[in-house]
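*Asks:* If you scroll down you'll find the structure; I have some questions about it.
The values are calculated or read from the model by the stated rules, or taken from the named source; none is laboratory data. Keep in mind that what you see is a predicted model, and the values were worked out from it rather than measured. Cβ placement follows ideal geometry from the backbone for every residue including glycine, while neighbour counts extend to all protein chains displayed. Each accessible area value is taken on the protein alone, full model and side chains, heavy atoms only, with ligands, DNA and RNA left out. Shrake-Rupley method; radii C 1.70, N 1.55, O 1.52, S 1.80 Å.
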Amino acid sequence: MQIRKMKIEDYEAVWRLWLSCKGMGLNSVDDSREGIEKFLRRNPETCFVAEMDDKIVGVILAGNDGRRGYIYHTAVSPEQRRQGIAQKLVDAVLAAFENIGITKVALVVFERNADGNAFWEKLGFSAREDLVYRNKSITEMTRIDT
């Protein structure tokens, strides 16, 4: 298994992987090919895929605002789970963040995503009970639930 930086040519395989993972929250704008291409241009050092036998079996998107790092859309193929792939993807992101001077990382997980929440808790990511997450779409988009 190999961890490498994601490139836009990986998009179709990554999209199929996301769709195969229950609990992913995708949308038609941010997660479109154009949206991911923009994200990769802005964050070329912090997005990774895991490959086995020339097939993408894991992905993690991450970016930063200059102060904090943010992790998005971490997924491992259901058939390849429990092999340490997600841990290696997270390790790659944390090392990349550390390399560019980011010292704190945040992420959002749907409450209904029990597997995802258990994974992040196991890695030491704590739930913040003192925050209310809010957002507002300025572009109409379609939500794609898996």
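*Asks:* Hey, among VAL90, VAL76, VAL49, which residue is modelled with pLDDT of 95 or more, under 12 Å from the mean Cα position of the chain (by Cα) and farther than 20 Å from PHE125 by Cβ? Don't jump to the end; show me each part of the working.
*Replies:* Values: VAL90 fails: farther than 20 Å from PHE125 by Cβ; VAL76 fails: farther than 20 Å from PHE125 by Cβ.
None of the others qualify; the one that does is VAL49.
*Asks:* Only residues that are open to solvent by 10 Å² or more (accessible area, probe 1.4 Å) and either more than 19 Å from PRO78 (Cβ to Cβ) or hydrophobic (A, V, I, L, M, F, W, C) (or both): list them for region 18-30, please.
*Replies:* LEU19, MET24, ASN27, SER28, VAL29, ASP30
*Asks:* Give the residues of region 88-146 that are under 27 Å from ARG16 (Cβ atoms), among the acidic types (Asp, Glu) and assigned to a loop (DSSP other than H, G, I, E, B), sorted by residue number.
*Replies:* GLU111, GLU140
*Asks:* Kindly indicate the residue of region 1-15 that is over 14 Å from ARG41 (Cα atoms) and without any contact (Cβ under 8 Å) to a residue 24 or more places away in the chain and also surrounded by the fewest Cβ atoms within 10 Å (Cβ to Cβ) among those meeting that condition.
*Replies:* GLU12
*Asks:* Given the conditions (1) of a type outside the set (Phe, Trp, Tyr); (2) buried (at least 16 other Cβ atoms within 10 Å of the Cβ); (3) more than 16 Å from ASP10 (Cα to Cα), and given that THR46 satisfies all but one, which numbered condition is not satisfied?
*Replies:* (3)
*Asks:* Which of the following residues is open to solvent by 70 Å² or more (accessible area, probe 1.4 Å), over 14 Å from the mean Cα position of the chain (by Cα) and at positive phi: ARG112, ARG82, ARG128?
*Replies:* Working: ARG112 fails: at positive phi; ARG128 fails: at positive phi.
Sole residue among the options that is open to solvent by 70 Å² or more (accessible area, probe 1.4 Å), over 14 Å from the mean Cα position of the chain (by Cα) and at positive phi: ARG82.
*Asks:* Of the conditions (1) open to solvent by 60 Å² or more (accessible area, probe 1.4 Å); (2) in a loop (DSSP other than H, G, I, E, B); (3) charged (D, E, K, R), LYS38 satisfies every one except a single condition; which number is it?
*Replies:* Evaluating LYS38 over (1) open to solvent by 60 Å² or more (accessible area, probe 1.4 Å); (2) in a loop (DSSP other than H, G, I, E, B); (3) charged (D, E, K, R) leaves (2) as the failure.
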